[in-house]
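Single-structure report; data block below.
Read-outs: derived from the displayed coordinates by stated rules, not from any lab. Being a predicted model, the structure only gives us computed values, none of them experimental. Here the Cβ is made from the backbone with ideal geometry for all residues, glycine too, and neighbour counts use every protein chain on show.
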Amino acid sequence: MPTQMHPETRAIHVDVPDLDGARPLNVPLYQTANFGYDNPEELAEAINRPESFAYLRNSNPTVRALENAISSLEGAAASLATASGMGAIHTVLHTLLGSGDHIIVQRHLYGGTFALLKDLAARFGVDVTYIDAQDPAEVTAALRPSTKALYLETISNPTARITDLPAFFAVGKAAGLTCVVDNTFASPIGCRPISMGADVVVHSSTKFLSGHCDVLGGIAAFADADLHRRVWSRSLETGPIADPFAAWLTLRGIATLGLRMRRHHENADGLARFLSTHPRVAEVHWPGLPTHPGHAVARRLLPHGYGGVFAIDVAGGREETLEFTRRLRLADRAVSLGGFKTLVQQPSATSHRSMDAAGLRAIGITEGTVRIAVGLEHLDDLKADFSAALG
Ligand SMILES: *Cc1c(COP(=O)(O)O)cnc(C)c1O
């Protein structure tokens, strides 16, 4: 494949196995847990090499095709596909951090990652410093001799804060840290952090990458093949690899990633602008609005769109907010995001329930905050649904 391809094209032209000159147009589903060898010595070698196929906990051709597709999209040396986003994040952090090590993490953080770090701190003595991620000097100020990694998110959940990745990676790399970023909300169509200096990019492929609310999955993409191999070795111990059918469904979704991301962005932008003028909406957290703190950085870093997730603060309190979400007819009340259907949820009751009230306040979440994961419906129908429910 030519090297100078747009990601929309890369998402469609993924590598498929060659069967004696006949190439299947889609990646075949290799639903097999193990592979036989005529030569027992070849088998013995295969189980120790990430490139070979021996046993499903090591790798599988369908899973490998997904990993290669993501490596191509993210500009990575190699990738690891896992059974969930948390499986990818856990395996990466578990490889990078040992007892007594220190990590610097942005405060606006996916709730599951926050819970994982809390557990690593309490049970394994990993030190965590949370920063606002507004000024790269915060990293310098937080550095210790034991600091191993910097962990950021391109676009945060649920208020869509944008992190100035190149500026933070520059400081992290100068200090010798491994720079990890969760790129789930932007997708590789919106942002390719390795080109900005990231060492590891993680995704919940459950979300935009698969896109159809039918599969759970995760990805870790690595700038450097050696770190991939270290994390892969760790994954043999912890066993998070993706199931072939889940990988196949994710590949199927990735083919339309470019089209979907454009529509998610357009719908989110249209709905956010509409809601920003509604008297019952106190605040709209969407980077496309000039009032959003990440507006300027978003325009510079994410020229192809800001994903499709934003939050609103409904005027009133908990009861008014519950009543509003109850009255929605098209948008469903559900967790997760990045699928074709529009979903809403109250972070204080779901994704961020492991945070206390002070922690929630620090990241701008109230009881009136509703996250909207905008789907692919017609924008006019979404506006009508939200308008009717707000009353
Ligand atoms: C959903 C999500 C995760 C966790 O992924 P799972 O596939 O649910 O395990 C991690 N990070 C972000 C930003 C997410 O949205």
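Okay, here's what the table says:
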item	result
Total charge dipole magnitude, the chain, about the Cα centre, Cβ charges on Lys, Arg, Asp, Glu only, Debye to nearest 20	740
Order of S84, S205, S210 under a 10 Å beta carbon neighbour criterion, fewest first	S84, S210, S205
Distance between modelled label sites at D356 and Q4, nm, 7 Å Cα→Cβ extension	5.7
Amide H partners (placed H, <5 Å) of G294, local residues excluded	I162
DSSP-defined antiparallel bridges as percent of all bridges, the chain, nearest 5	60
Cα pair distances of the stretch 258-390 binned at 10 Å [whole percent]	13, 45, 36, 7
Two-decimal log10 I(q)/I(0) for the chain, as the Debye equation yields it once each C-alpha is a single scatterer, q = 0.09, 0.14 Å⁻¹	-0.52, -1.22
Positive-end residue of P244, G375, G317, charge dipole of the chain with Cβ unit charges	G317
DSSP bridge orientation in the stretch 67-183 - percent antiparallel, rounded to nearest 5	5
Centre separation in Å (Cα based) which lies between the stretch 67-88 and the stretch 310-357	30
Rg [Å, one decimal], Dmax [Å, integer] - the stretch 319-363, C-alpha atoms	12.1, 34
Selected from T366, S336, S351, residue furthest toward positive end of dipole (the stretch 315-367; charges at beta carbon)	S336
Ellipticity estimate at 222 nm from DSSP helix runs (n ≥ 4, -39,500 (n - 2.57)) divided over the chain, nearest 500	-11500 deg cm²/dmol
Top of D164, D380, D127 by mean-square fluctuation, Gaussian network on the chain, Cα under 10 Å	D380
Stretchable slack from E320 to S233, in nm (0.36 nm times residue separation minus alpha-carbon distance)	26.3 nm
A349 paired with E51, simple spin-label distance in nm, labels 7 Å along Cα-to-beta-carbon	5.3
With Cα atoms, 0 to 90° folded angle of helix 225-238 axis to the chain main axis	90
Virtual spin-label span in nm between K173 and R23, 7 Å along Cα→Cβ	3.2
Of L216, L330, L257, the one that fluctuates the most in a GNM where the chain has Cα springs shorter than 10 Å	L330
Ascending count of other beta-carbon atoms within 10 Å, so fewest first, for D243, D20, D182	D20, D243, D182
